[in-house]
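The values are calculated or read from the model by the stated rules, or taken from the named source; none is laboratory data. Quick caveat: nothing in here was measured; it's all calculated off a predicted structure. Cβ: placed from backbone, ideal geometry, glycine included. Neighbour counts: every protein chain shown. Side chains included, ligands, DNA and RNA excluded: accessible areas come from the protein's heavy atoms. Shrake-Rupley method; radii C 1.70, N 1.55, O 1.52, S 1.80 Å.
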Amino acid sequence: MSTARVQPTVTAACVLSSTIKHHFGLTSLRLPTNHSAAFRRQRIKRNLTVSMSAASVSDPLEICVKASLTVPDKLGDCPFCQRVLLTLEEKNLPYDMKFVDLGNKPEWFLKLNPDGKVPLIKFEENWVSDSDVITQALEQKFPDPPLAIPSEKASVGSKIFSTFIGFLKSKDPVDGTGQALLDELSAFNDHIKENGPFINGEKVSAADLALGPKLYHLEIALGHYKNWSVPESLPYVKSYMKEIFSRDSFVNTRALPEDVIAGWRPKVMG
């Protein structure tokens, strides 16, 4: 188990929304201290440059994420885990990953979250799941730098992932799933052309951090299983993907391509 202790100087606001706490009603459970294969930790060290008005944080945020299917002690291929990790990275927050084998979920993890889903993060003494709820809580708790996006832009590109899955799983070349994906990508291409380089303009936002991991899966899975790639007729989609994938936050949190391929295999072959 590799660790790197962090002593951050400052972070942002101090108390998690009581609404979120009430919604989950989660209680604190201590994680085991053994070094078993099901419980591996990796502490990420970052230099923090956050607003001086923020309160001090003594420990990294603990987060349970999917473990790699192909390499021990590595992050797995869950795009929703990466979304949360991207948010932590972009906000310069230290975090402590616990790798969870989703094919053999350990008892300690199921005690924390009986649903058995990741990502799962600890805010104070409460464990919170669901990437939507987690990222909203992080924005409220640590507002600098801001990643919120206007409501009218929040759904931009939101149908790309579902149409990608439909096309990936399809065995019928003329069932329209490929065209449905192209239609969504074309609409996104037009949006970035008029509003880019990111969904909300010049600065990266929460919407980009949600979509980026899904486009990464799209590129790898469709390239491998369908020999398909984003066409040259969509240059703004291609430039957007290049921009997102090259960010330090993305490089630090991306899954191995072989994990993405392995992760989608059951859906393609099933």
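Observations
- Largest first, the residues 59, 132 sort by 1.4 Å accessible area into 59, 132.
- Ligands, DNA and RNA excluded, the heavy atoms of residue 244 present near 10 Å² of accessible surface to a 1.4 Å solvent probe.
- Counting only residues at least eight positions apart within a chain, or on another chain, the aspartates and glutamates with an alpha carbon under 12 Å from that of residue 98 are 62, 73.
- D_trans [Stokes-Einstein, Kirkwood Rh over alpha-carbon pairs] for region 143-270, 20 °C, 1.002 mPa s, µm² s⁻¹: 140 µm²/s
- Euclidean distance between Cα centres, region 189-214 to region 133-161, Å: 11 Å
- Taking a sphere under 11 Å around the Cβ of residue 257 and counting the other residues whose Cβ falls inside, with K and R at +1 and D and E at -1, yields a net charge of -3.
- 5 angstrom amide H check on residue 102, placed H, neighbours 5+ away: 67
- Count of Lys pairs (Cα-Cα under 23 Å; at least 8 positions apart or interchain) in region 181-270: 14
- Equivalent ellipsoid dimensions for region 165-228 as semi-axes, Å, which come from the Cα gyration tensor, largest first: 25, 14, 8
- A 1.4 Å probe run over the protein chains yields, for region 217-270, 53 Å² of accessible area per residue, whole-number rounding.
- Normalised by residue number, the volume inside the convex hull of the Cα atoms of region 87-179 is 151 Å³ per residue.
- Residue pairs, from the table 105/169; 91/141; 66/105, whose Cα atoms sit over 19 Å apart: 105/169
- Amide H contacts of residue 95 (H built 1.01 Å from N, under 5 Å, at least 5 apart or other chain): 44, 61
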